[in-house]
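Below: one structure, written as structure tokens.
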Amino acid sequence: MAAICAYGFPAKATAGRVHGETAHPYRNPFQRDRDRIVHCAAFRRLSGKMQVFTAEFGNYHRTRLTHTLEVACIARTIGRALGLNEDLIEASAYLHDIGHPPFGHTGEDVLNRLLADSGGFEHNAQALRIVEKREQRYAGFPGLNLSREILDGQRYKMGTSKTPLLEIQTMDVADSIAYDTHDVDDAMELGLLTAGQVIHTALWKAAAYRVRQLWTNLDDAEFRRAVIHHLIERQVSNVIETAKHRLQKITSYETALKLPVLIAPSAELAEEKAEMEAFLLAEVYRHPQVTEHRRRVSLWLETLFRQYVKDGRKLPERYADVIREEGIERATADYLADQTDRSVKEQIGGS
Ligand code: MG
């Protein structure tokens, strides 16, 4: 890790863990957090969970695990360029989507609706539930006993007016850079979106213009890949340059906490990103094929939910304490959230 600037969060300033532990001889607290997240079952399950598309769409697109890795790469690049704490950034990036149930936001919507009378379901809250309580890996405490800065970062994603650490801001902006870019790439590769449609967005147009300046002999696929590369490059460079300017007079992480979010795109780029997100919503997330898939998997999840709520004995033994303490609905939601897209499909009969 490169040297941390005055406004970066030093590992030695950590507020520690809920359950006190002795310092590790050669890993700082955030390196330890990162390793605990990577070694937990919920992290491994990300490989079987969709981002926007499932296996039935093809095999090119991102899964939630590869999305998580893209976010970590982008966030670390920005963090290193700005002199922030890369270990804290990396750990929070690995954690950020760990609470997603199968079938992405569709799965989340279904569980939230089914749990309307018992506290609802939200993926960021589920992430905290997993790492604070549900993962059982260590003899001395429940969950992963992560550093408070990592947990606070995840709480920030649940919506709060408090400004988070610059490292958490970096992870958050990298998340948006990753999905704004890879959802376009995936949708085009899968044939749900054409170059003729996406060229009308300002974000794509600017990157396409740059690629045409550099290359004149690319076929359609080569051109698209070059544009995707420039989309990421431009957003990352813009965030770094914009943040550098804003950080000029910041002398400590405490000062940055009293200010609005500083690690963000320029106003102009933010507008282009908002336009791209509206475009993705209309053309990709609400594409007839995606909508039909959503309808089908919603039915699967609802069917399984009702089956398990009706007969809790069908749930594996490790959910017994949740049934006892929080009721069958919450236990069923935990169980279903722990499934992959494929294991839901298999339980429903592979239809
Ligand atoms: Mg994400």
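Some notes on this structure:
- Taking label positions 7 Å along the Cα-Cβ direction at both Y138 and L299, the computed distance is 4.5 nm, reported to one decimal.
- Charge dipole (the chain, unit charges on Cβ, about Cα centre) - positive-most of I199, V297, Y7: Y7
- Under 17 Å from the Cα of K249 - aspartates and glutamates, other chains or at least 8 residues apart: E241
- For region 75-93 versus region 128-178, the gap between their alpha-carbon centres in whole angstrom: 15 Å
- Loop-located trypsin sites (Lys or Arg not before Pro) in region 1-53 whose Cβ has at most 16 other Cβ within 10 Å (DSSP): R27
- The chain, relative contact order in percent, only Cα pairs under 8 angstrom and at least six apart counted: 22 percent
- Cα centroid of region 20-39 to Cα centroid of region 264-312, whole Å: 35 Å
- Residues whose placed amide H lies under 5 Å from that of L190, excluding near-sequence neighbours: none
- Cβ-Cβ distance of Y60 and I348, R₀ of 25 Å, FRET efficiency by 1/(1 + (r/R0)^6): the value works out to about 0.50.
- Separation of the D219 and A282 label points, Cα + 7 Å toward Cβ, nm: 3.2 nm
- For the chain, projected area of the alpha-carbon convex hull averaged over all directions, nm²: 19.1 nm²
- Highest mobility in the GNM of the chain, judged by mean-square fluctuation with C-alpha springs under 10 Å and restricted to A11, A187, A320, is found for A320.
- For region 86-96, 3J(HN,Hα) per residue [Karplus equation, 6.51 cos²θ - 1.76 cosθ + 1.60, θ = phi - 60°, Hz, x = Gly/Pro]: 5, 5, 5, 4, 5, 4, 5, 5, 5, 7, 4
- Annotation: lysines with alpha-carbon distance below 25 angstrom to K314 (same-chain offsets under eight excluded): K49, K133, K345.
- Rel. contact order, % - alpha carbon contacts under 8 angstrom, at least six apart, region 218-297: 26 percent
Here, each number is a calculation from the coordinates, and none is a lab measurement. This one's a predicted model, so the numbers in the text were calculated from it and none came from an experiment. With ideal geometry, Cβ positions are generated from the backbone for all residues, glycine too; neighbour counts draw on all protein chains shown.
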